[in-house]
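Data block below; observations after.
The values are calculated or read from the model by the stated rules, or taken from the named source; none is laboratory data. Here the structure is a predicted model, which means the values were calculated and not measured. Heads up, the Cβs are rebuilt from the backbone with ideal geometry, glycines too, and the neighbour counts pull from every protein chain shown.
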Amino acid sequence: MRKVKNIETYKSSKPTVVTIGTFDGVHIGHQKIIKRLINTGKLEGLKSVILTFFPHPRMVLQKDSNIKLINTIKERHDILDALGLDYLLIKKFTQEFSRLSAEDFVKDILVDKINAKKVIIGYDHRFGRNRNADINDLKQFGETYGFEVEEISAQDIDDVSVSSTKIRTAINEGEIDKANAYLGYQFMLSGQVIKGKGLGKQWQFPTANIKIEEDYKIIPKQGVYIVSSRIDDTTVYGMMNIGVNPTVNGSEQTIEVHFFNFEKDIYGASIQINLWHRIRDERKFDSVEALKLQLARDKETALKYIAKHHA
């Protein structure tokens with residue numbers, strides 16, 4: 001799959017089938033639309049294209065919006081690539097772009113840049129300045145500019161009663177099992193392994209501290225989670241703590257992963273952590289010894305879960 005971040009200099013020489021949206025999470029509802037897009041492209045000899053926007057429009061249009069996103073751009077790219085999409089076009093969303101009229105958007109971007117011959121879109125999609133154009137307007141533009149519009153019906157969309165908002169709520173509440181069911185894959189955190197304080201190593205629970213660069217990425221509720229990661233083409237399981245380490249009077253939130261039966265030095269490596277299940281809240285223990293006993297119990301809980309679900 002080809003990712004195009006600067007759509008201003010992009011021009012497709014090949015006819016395309018396009019869908020439009022932020023697709024944050026690329027959840028099971030999104031995947032239904034995307035598979036339809038890709039299959040249409042294959043059947044009709046068109047390149048499949050998703051036109052998406054970054055930053056998220058709410059970040060630009062609602063200055064007080066504190067929206068966090070389920071995926072980073074790279075995570076979204078990797079998921080779409082695995083689905084078999086041909087092109088991911090990322091349009092920088094700005095105040096100026098939001099004022100573009102519906103017809104200018106269609107002509108300048110869908111027709112002139114993307115060479116759209118077919119647009120697959122939800123029945124409730126709105127676009128253009130003040131989002132004042134709908135699918136009926138798009139169909140009229142299609143007649144003018146020579147592309148077909150395929151409508152995704154209310155029933156097709158409602159068949160999968162899931163939304164990015166529901167998933168964000170589940171993640172914020174630590175309901176990772178629910179979020180994963182909506183996503184159709186494990187929610188992930190991607191970042192670089194950095195040096196921590198080394199306390200875990202002293203307690204026989206060495207951890208990889210994960211630094212996430214993207215400040216717009218949603219971080220789950222504090223607590224202990226069962227996780228996995230692919231390291232050197234091997235799946236490694238472990239448990240992760242998101243929190244401030246109150247037992248040792250910590251104050252800054254950290255993300256620390258203890259991998260089971262794993263001793264390689266991965267400092268500096270970029271890593272993806274897949275979250276499976278939340279074990280418990282983070283809490284302050286009366287002593288480090290009490291914390292160590294709880295970590296041992298957490299590990300036992302995690303190993304039982306892994307043996308049951310992923311053996």
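Selection of strands (runs of 3 or more DSSP E) fully inside segment 1-86 by the criterion of at least 2 residues being under 24 Å from residue 111 (Cα atoms) and out of contact with any helix residue (DSSP H, G or I) (no Cβ under 9 Å at 6 or more places or on another chain) returns 2-4.
Please indicate, with yes or no, whether at least one residue in segment 128-150 is under 24 Å from residue 71 (Cβ atoms), part of a strand (DSSP E or B), in the same structural domain as residue 43 (by TED's automatic domain parsing) and modelled with pLDDT under 95. Checked against the condition, which is being under 24 Å from residue 71 (Cβ atoms), part of a strand (DSSP E or B), in the same structural domain as residue 43 (by TED's automatic domain parsing) and modelled with pLDDT under 95, segment 128-150 yields no hits at all.
Being of a type in the set (Asp, Glu), assigned to a helix (DSSP H, G or I) and either closer than 30 Å to residue 68 by Cβ or outside the structural domain of residue 216 (by TED's automatic domain parsing) (or both), is that true of even one residue in segment 108-127? Yes, the conditions are met somewhere in segment 108-127.
Taken over segment 220-256, the criterion of being touching a residue at least 40 places away in the same chain (Cβ under 8 Å) and in a loop (DSSP other than H, G, I, E, B) is satisfied by 220, 221, 222, 245.
For segment 262-311, the set of residues classified as among the aromatic types (Phe, Trp, Tyr) and not in a strand (DSSP E or B) consists of 262, 267, 285, 305, listed by residue number.
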